[in-house]
Amino acid sequence: MAITREEVLHVARLARLAVTGDEADRLREQLSAILEYVKQIDRLDTRDVVPTSHAVEMGTPFRDDAVSPFGDREALLSNAPDREGDFFRVPRIIED
Amino acid sequence: MANVPVHEWTLLEAASRVREGEISSRELTEALLGRIASLNPQINAYVTVLPERAMAQAAACDEERARGVFRGPLHGVPVGLKDIFCTRGIRTTCGSRILHNFEPPYDATVTGKILSAGAVLLGKHNMDEFAMGSSTETSHFGVTRNPWDLTRIPGGSSGGTAAAVAAALCFAGVGTDTGGSIRQPASLCGVVGVKPTYGRVSRYGMIAFASSLDQGGPIARSVADAALLLSVIAGYDRRDSTSVDVPVPDYLAAVDRPVRGLRVGLPKEYFGGGGLDPAVKAAVERALKALTDQGATAVEVSLPHTSFALATYYLVAPAEASSNLARYDGVRYGHRAEGSAGLIEMMSRTRAEGFGAEVKRRIMIGTYALSAGYYEAFYGKAQKVRTLIRGDFAKAFEGADVLLTPTAPTPAFRIGEKTGDPLTMYLSDIYTIPCNLAGIPGLSVPCGLSAEGLPIGAQLLSAHFREEALFCAAGAIERAVPVPRVAPFRG
């Protein structure tokens, strides 16, 4: 199950990971080996099998749609790498 | 017990002596902080130590005791937490550069529960970055060393917690387990580790890796200590929608219950493989003999899809991780790359600088497995195989109350030995991974030493919410197979 360098770069873009040329080559090799290994599950016939998303059977839990304010706004904002007043500051979103 | 040094007491002994007034919480806390100051530079089990905060907490516990006030079963006893549990106002890094400066504005439910029970928090334990690893070598803060042999890894990802407990740098700790991250390091460090049933312990404030597999649990130096600590942290939490609302039984009472009549299943697929060290096999067989000598019966069982578990895990876990880790974008907290012209560039460079190689690898696998055209073939297929693996266990538990297996195929390996090849590293979790896929509870208990004097653990598995059976069987093994509970390391 070999994947191409172009696929690696495409997935890295989807994952928002900047990768160097060397990294892309190494990842291509390692991901190919890992995907080759995981492909063994194809040997199993799962046509009539229901998928498991959570291992412990439980219904959908409901709760009241009630607002409970967190309170400590400053503790949240003080972690920001860059802020302006009560806003998180980020670089330009829309390129010229 | 008079000649046992303070730091080697069990959690239960320490709690009872504080309660009886034989020692103050301040004396206990001071003793452990002193030990951390002298030994942690070599072991690197703690990424954050909280001397002032811990002493203030201890003083408050002593003052309360003088007034006859007890917060709970851990009143005044110093413990540690894996650095994956959010602690309000205390740096929580998850072993990653991307969170190197993150101070959570709230406590995880587990944090809140151990503090409400009266525990003194000594600090935060080192771990593989985002709990992705089996050796604690992927931590941004450097490898943790195994206190039984400083040239070896302590296991992972909760390697800092297991090493701290084994080196008596705390009386117990709480780790997390997604594919073996509590049980494998417990095995490699000669201590007891429990991965509870999925939904037993709240995941609120526990930094997410693979949400359908992650579960917090105790690491301690005795089965009884682990049972006590689980009873403190378990329970329904409305803030975790996958938390299950079933009563928490008295786990401590289960430890001394006789094993007579207990059916111990031996999954034949866990004993046949070429990777199993003969010393590990022999030690697990001694654990079995300890159980049958006390009246348990051995039965052979089969888990036919075992060989597909690792492949299933390495699709499910990275897929969920790639989604969970999308939140680290340099906007609201944590590391941000400097000097980017636009938002997307800032995010991509922040993530490139902030994540280590193993985390990037798993984000890449997960993103690929979830991407257009591959979802059904990879993630969808893996979820179906997961159903088959669950079915194997359900069938096995019709004829057995617990299953007994090795925890890890080998004792602790050397630092650097497996970092070159990710797949070889992944194989050290081969016996622990199926348990997470099935959501069942698992426990690792020491059952012997290798010829080089390294600890070996036996794994016990039971059906959903049957942790009591694990404590009962582990107690019987512990009584019959005495293994030193503190690593012989003196620094």
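Values in this text are rule-based calculations from the coordinates and carry no lab data. Keep in mind it's a predicted model, so treat the numbers as computed, not measured. When we count neighbours, we look across all protein chains shown, and the Cβ atoms used for this are built from the backbone with ideal geometry, even at glycine.
Listing for the model above:
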quantity: Options B:S323, B:L288, B:Y333, ranked by Cα towards positive dipole end of the range B:258-387, top entry (Cβ charges); calculated: B:L288
quantity: Relative contact order, percent, chain B [alpha-carbon distance under 8 Å, six or more residues apart]; calculated: 18 percent
quantity: Value of relative contact order over the range B:9-94, rounded to a whole percent, pairs C-alpha under 8 Å and six or more apart; calculated: 38 percent
quantity: Using alpha-carbon coordinates, inclination of helix A:21-38 to the longest axis of chain A, degrees; calculated: 60 degrees
quantity: Using a Förster distance of 25 Å, the FRET efficiency for B:A480-B:K268 (Cβ separation, nearest 0.05); calculated: 0.55
quantity: ³J(HN,Hα), Karplus 6.51/-1.76/1.60, whole Hz, each residue of the range B:32-46, x for Gly, Pro; calculated: 6, 4, x, 5, 4, 4, 8, 9, 4, x, 8, 8, 6, 7, 9
quantity: B:V246 versus B:N101: modelled label distance in nm, points set 7 Å from Cα along the beta carbon direction; calculated: 4.5 nm
quantity: Which of B:V4, B:V192 has the fewest Cβ neighbours within 10 Å, and the rest in rising order; calculated: B:V4, B:V192
quantity: Nearest 10 degrees, 0 to 90: helix A:5-14 Cα axis against chain A principal axis; calculated: 30 degrees
quantity: Mean-position separation - Cα centroids, the range A:15-94 and the range B:327-353, in angstrom; calculated: 16 Å
quantity: Computed over the range B:146-254: relative contact order in percent, which uses C-alpha pairs under 8 Å that are six or more apart; calculated: 24 percent
quantity: Sequence ranges B:440-447, B:283-290, A:31-38, ranked by mean other-Cβ count within 10 angstrom, highest first; calculated: B:440-447, B:283-290, A:31-38
quantity: Relative packing of B:22-29, B:227-234, which averages over residues the other C-beta atoms within 10 Å, highest first; calculated: B:227-234, B:22-29
quantity: Signed unit charges on C-beta, dipole axis of chain A, positive-most listed residue A:V8, A:T20, A:Q30; calculated: A:Q30
quantity: Cα centre as origin, Lys/Arg/Asp/Glu Cβ charges: chain A dipole, Debye; calculated: 140 debye
quantity: For B:V299, residues with placed amide H under 5 Å, excluding near neighbours; calculated: B:V264, B:G265, B:L266
quantity: Residue-wise HN-Hα coupling along the range B:277-288, computed from phi with Karplus coefficients 6.51, -1.76, 1.60 (Hz; x: Gly, Pro); calculated: 5, x, 5, 5, 4, 5, 5, 5, 5, 5, 5, 5
quantity: Residue-span extension gain [B:S302 to B:K281] - 0.36 nm each, minus C-alpha spacing; calculated: 5.8 nm
quantity: Residue-averaged beta-carbon neighbours from other chains (10 angstrom radius) around A:7-14; calculated: 5
quantity: Antiparallel DSSP beta bridges within the protein assembly as shown, percent to nearest 5; calculated: 70 percent
quantity: Contour minus Cα-Cα distance for B:E417 and B:E398 (0.36 nm per residue); calculated: 2.8 nm
quantity: For peptides A:65-73, B:198-206, sequence by mean Cβ density within 10 Å, most packed first; calculated: B:198-206, A:65-73
quantity: Debye, to nearest 20: dipole size of the protein assembly as shown, +1 on Lys, Arg Cβ, -1 on Asp, Glu Cβ; calculated: 400 debye
quantity: Per-residue ³J(HN,Hα) for the range B:293-303, Karplus 6.51 cos²θ - 1.76 cosθ + 1.60, θ = phi - 60°, Hz, x for Gly and Pro; calculated: 4, 9, x, 7, 10, 8, 9, 7, 10, 10, 10
quantity: Shielding of B:334-347 by partner chains, average beta-carbon count, 10 Å; calculated: 4
quantity: Shielding of B:210-223 by partner chains, average beta-carbon count, 10 Å; calculated: 1
quantity: For chain B, share of DSSP beta bridges that run antiparallel, in % to the nearest 5; calculated: 70 percent
